[in-house]
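Please treat every number below as a calculation from the coordinates, not as lab data. Bear in mind that the values here come from a model prediction, so they are computed numbers and not experimental data. In this analysis, Cβ positions are derived from the backbone assuming ideal geometry, glycine residues included, and neighbour counts consider all displayed protein chains.
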Amino acid sequence: SSEHYDIEIIKKTIQDTGLKILESKLIGSNVYLPLAEYYIQNRQSLRKEILKRYQPFVENILFKSMLKMKQAAEDHTIEYMLLKCTK
């Protein structure tokens, strides 16, 4: 399951450890959307590989998760943050 953290809480927690944040970048649109799009566009070939190891319901859950992830990324309800820090 995913954890949900406020961006400012993450930054404060990092700074409280003694690190200084030099740069922060929100890159969710470069992570979640391309991943979801790739899976959706290549589902048939990926499904074949997944079914070699897992039951069909696993791939179905994965596909539904990708659809939800795509929607959440488009709605900006999920994000991915890249931080550059120094001591």
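Considering region 18-61 alone, what residues qualify as being among the hydroxyl-bearing types (Ser, Thr, Tyr) and either in contact with a strand residue (DSSP E or B) (Cβ under 9 Å, 6 or more places away or on another chain) or closer than 15 Å to ALA73 by Cα (or both)? Even if it seems obvious, please write down each step before you answer.
Initially, region 18-61 is screened for residues among the hydroxyl-bearing types (Ser, Thr, Tyr), giving 24, 29, 32, 38-39, 45, 54.
The answer is SER24, SER29, TYR32, TYR38, TYR39.
Can you list the helices (runs of 4 or more DSSP H) lying wholly within region 15-87 that have 3 or more residues being under 19 Å from TYR5 (Cβ atoms)? Let's see the steps before the verdict.
Working: elements: 32-41, 43-51, 56-74.
The helices (runs of 4 or more DSSP H) meeting that bar are 56-74.
Filter region 6-60 for residues that are hydroxyl-bearing (Ser, Thr, Tyr) and surrounded by 12 or more Cβ atoms within 10 Å (Cβ to Cβ) and give the result. SER24, SER29, TYR32, TYR38, TYR39, TYR54 - these are the residues of region 6-60 that are hydroxyl-bearing (Ser, Thr, Tyr) and surrounded by 12 or more Cβ atoms within 10 Å (Cβ to Cβ). Against the criterion of being of a type in the set (D, E, K, R), surrounded by 10 or more Cβ atoms within 10 Å (Cβ to Cβ) and free of Cβ contacts under 8 Å to residues at least 60 places away in the same chain, LYS70 qualifies.
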